[in-house]
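Student: Just passing along the structure, written as structure tokens.
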Amino acid sequence: MEKEPVVGTVREHLNRTIADHARLCQFSLMRRPNYYDQSGLDRMSERRSDAAWIERLLAAGETRIMPVWRARNFVVSGTAPRAAHLAAEVAATLVDGDGHLVFLGIKDGIAHFSVDLSHIENPAEVPALAGRGKFVELRSVGALLSRDEGSILAYARALAHWHRHHRFCGKCGAPTAMRESGHLRVCTDSACGAHHFPRTDPAVIMLVSRGDRALLGRKPEWVKDMYSALAGFVEPGESLEAAVAREVMEETGVVVSNVRYQSSQPWPFPASLMLGFYADAIS
Ligand SMILES: [Zn+2]
């Protein structure tokens, strides 16, 4: 019997590998994204530094500016709240010296930007904002918004927080200036010139179980009967798995093993990426 050519075998192996990979990718994409991970925006990161392109987007009539005021998002409230936005020419009349527009991305052909209006003392008294929406805490309305709008507001909130807390260089103390349509801040002291990129801090949330029982916790100030899976921040020099085990031990005294990653989502309260895990209680 003639031996199978090696090239054919390799090709078949590659084809099988590619098919397996495609199935795995399909499987991972089939999982429904978590709540604040569904903006549908194309971030167009390769065009952020193209000032002429950004100008053209801002000149387009349909472009949406999502305002943020002191960590609150602009929303039309009611039984079915929705994200409110401003036209670029209206937003341009409201920005202060450092309040440049931040490019978020493009969705369904419409450019989305955010703007921080925190310098305004009382937005309710600003005619350009009157009747267009109210500034509300995203956590109080997030679950009532459509997932794409909730995700876009979370993204805007996260960037506004980062800009407000990085107005000065952490290396030399000089003021920083916005670049790359809001995705970079650069130290204005030419002797320093440090670049500062938006930060997201890892936090873990974990469902610890044993048999058919799950380990939950609650804070004293929470409403009656409200419980949550345990959560906490990852510390420097620590793996995610170690953070899960340490937080569970610190909060409950329970030892865990078999820590398994589940999925993640942006968690801009104020600046986290929330990473979800399962773990087994062994004590
Ligand atoms: Zn500096």
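Read-outs throughout are calculated quantities, based only on the coordinates presented, and are distinct from any laboratory measurement. Quick caveat, the model's predicted, so the values are computed rather than measured.
Student: Assign one of three labels to the stretch 201-281, namely rounded, prolate or oblate, based on the Cα gyration tensor with a ≥ b ≥ c the square roots of its eigenvalues; rounded applies when a/c is under 1.5, prolate when it is not and a/b is larger than b/c, and oblate otherwise.
Tutor: Cα axes put the stretch 201-281 in the oblate bin.
Student: Considering amide H positions built from the backbone, and no H for Pro or chain starts, which residues 5 or more places from C169, or on another chain, come under 5 Å of its amide H?
Tutor: Placed amide hydrogens put A174, T176 under 5 Å from C169.
Student: What share of the DSSP beta bridges in the chain is antiparallel, in percent to the nearest 5?
Tutor: Bridges in the chain are about 75 percent antiparallel.
Student: For the stretch 45-165, what are the per-bin percents of Cα-Cα distances with bins 5 Å wide, up to the bin holding the maximum?
Tutor: With 5 Å bins starting at 0, P(r) equals 2, 11, 23, 25, 22, 12, 4, 1, 0.
Student: Here is a further query. When 1/r is averaged over all different Cα pairs and the result inverted, which Kirkwood radius in Å belongs to the chain?
Tutor: 22.0
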